[in-house]
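These notes concern the structure reproduced below.
Derivation of every value follows stated rules applied to the coordinates shown; laboratory data play no part. Being a predicted model, the structure only gives us computed values, none of them experimental. All Cβ positions, even for glycine, are placed from backbone atoms using ideal geometry, and neighbour counts span all protein chains on display.
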Amino acid sequence: MLDHVTANVGDLERAKGFYSQALAPLGYSLQMEFEGGAGFGAGEGMADFWLGSSSERGATHVAFSAPNRAAVDAFHEAAMAAGGKDNGAPGLRPHYHEHFYAAYVHDPDGNNIEAVTHRPE
């Protein structure tokens, strides 16, 4: 089980805007901010996805759990509208398993962001 993930970004304000829009279909929202960072989470409670502004940047892969295929589709559409770059349109990836349905987007800093559901349609 993951507790939290941090993606280091070059422009924190741009990244907050991107993730606020891209993650809304998955129930995530901006929950906490501090100098040099911001935390997103689903529902009430602690943030589990963090943005940090650091010179130690590198591409990160983060997979967000989606409740169904429609949410994966909505994530992809929202992320693209927010300025993301397609890295894999919504669809089945049966090489993982028969119900693995995911979409992948590069955020403005090149991080690979995924929304995935393991549930059948």
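For the residues 13, 114, what sequence is obtained by ranking on other C-beta atoms within 10 Å, fewest first?
13, 114
Output wanted: per-residue J couplings in Hz (rounded whole) for region 61-66, from phi through Karplus 6.51 cos²θ - 1.76 cosθ + 1.60, θ = phi - 60°, x for Gly and Pro.
Per residue, the Karplus-derived 3J(HN,Hα) values read 10, 10, 10, 9, 6, 10 Hz.
Tell me the net charge near residue 14. Cut-off is 13 Å between Cβ atoms, residue 14 excluded, with +1 for each Lys or Arg and -1 for each Asp or Glu.
-3
List every residue whose amide H lies under 5 Å from the amide H of residue 6, counting only residues 5 or more places away in sequence or on a different chain, with H placed 1.01 Å from N in the peptide plane.
So residue 6 has HN proximity to 50.
What is the order of 76, 118, 106, 95, fewest Cβ neighbours within 10 Å to most? All intermediate terms of the calculation are to be shown ahead of the outcome.
Numbers: 76 26, 118 13, 106 16, 95 6.
Exposure proxy ranking, most exposed first: 95, 118, 106, 76.
Figure the gain on full extension for residue 33 and residue 70 (residue separation times 0.36 nm, minus the Cα-Cα span) and round it to one decimal in nm.
Working: separation 37, 0.36 × 37 = 13.32 nm, distance 2.95 nm.
Between residue 33 and residue 70, full extension yields 10.4 nm more.
Can you list residues from other chains, or at least 5 along the same chain, whose modelled amide H is less than 5 Å from the amide H of residue 66?
116, 117
Run the numbers on region 26-94 and let me know its relative contact order in percent, using alpha-carbon pairs under 8 Å that are six or more apart.
Averaging sequence separation for qualifying contacts and normalising by length gives 22 percent for region 26-94.
Which value, in debye to the nearest 20, describes the size of the charge dipole of the chain about its Cα centre when Lys and Arg Cβ atoms bear +1, Asp and Glu Cβ atoms bear -1, and nothing else is charged?
On the way: 7 positive and 16 negative charges, 52 e Å.
Charge dipole, the chain, about its Cα centre: 240 debye, nearest 20.
Add -39500 (n - 2.57) for each DSSP H run of 4 or more in the chain, then divide by its residues: what number comes out at 222 nm, to the nearest 500 deg cm²/dmol? Present the calculation step by step, with values, prior to reporting the outcome.
Numbers: 2 runs with 24 residues, N = 121.
My calculation for the chain gives -6000 deg cm²/dmol from helical runs alone.
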